[in-house]
Amino acid sequence: MRRFSIILAIGAMALCTAGHASQPEAAAPSANAGAETEQRVELSNFDFNPKEIHLQAGHSYALVVANQASGGHNFSAREFFAASKIQAADAALVTDGEIEVPAMSTRTVHLVPAAGSYKLVCTHAGHAFLGMRGKIVVE
Ligand SMILES: [Cu+2]
């Protein structure tokens, strides 16, 4: 299933590159993209910190998801990732709208979010019930 998603992601990247054939470096940031802001989110047993993430629509972010627990967690926000423009090199880190983060590990995804209010959860069994629920507000 994961392999299939990666193949889809690579396919999407190939299409994107074809669509921008006039630009030799499709993945390079454009000159007017502005400075990137780091947004760090910490995962623990059983919480997100911050629980409510505020982002600016159209701005570039490095979303740094840091799991500080001794067990695995994920950052699942299907609608948020579907609406965001994720940098091609990071696309494989997001599978079915989730970033899986092993114990004591960090995953960084570079993206540009779109306006909206999105649900954030950890989909590991019981984790949302225990408190791993949050919200991403993009204005
Ligand atoms: Cu979890």
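Please treat every number below as a calculation from the coordinates, not as lab data. Just so you know, these numbers come straight off a predicted model, no measurement behind them. Positions of Cβ are backbone-derived with ideal geometry, glycine not excepted, and every protein chain shown enters the neighbour counts.
Summary table below
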| item | result |
| --- | --- |
| Among the residues listed as 94, 137, 101, the single one being buried (at least 19 other Cβ atoms within 10 Å of the Cβ) and more than 16 Å from the ligand (Cβ to nearest atom) | 94 |
| Hits in the stretch 104-134 (condition: in a loop (DSSP other than H, G, I, E, B) and away from the ligand (no atom under 11 Å from the Cβ)) | 104, 113, 114, 115 |
| Single residue of the stretch 37-49 satisfying the filter (more than 13 Å from the ligand (Cβ to nearest atom) and surrounded by 14 or more Cβ atoms within 10 Å (Cβ to Cβ)) that is farthest from residue 125 (Cα to Cα) | 39 |
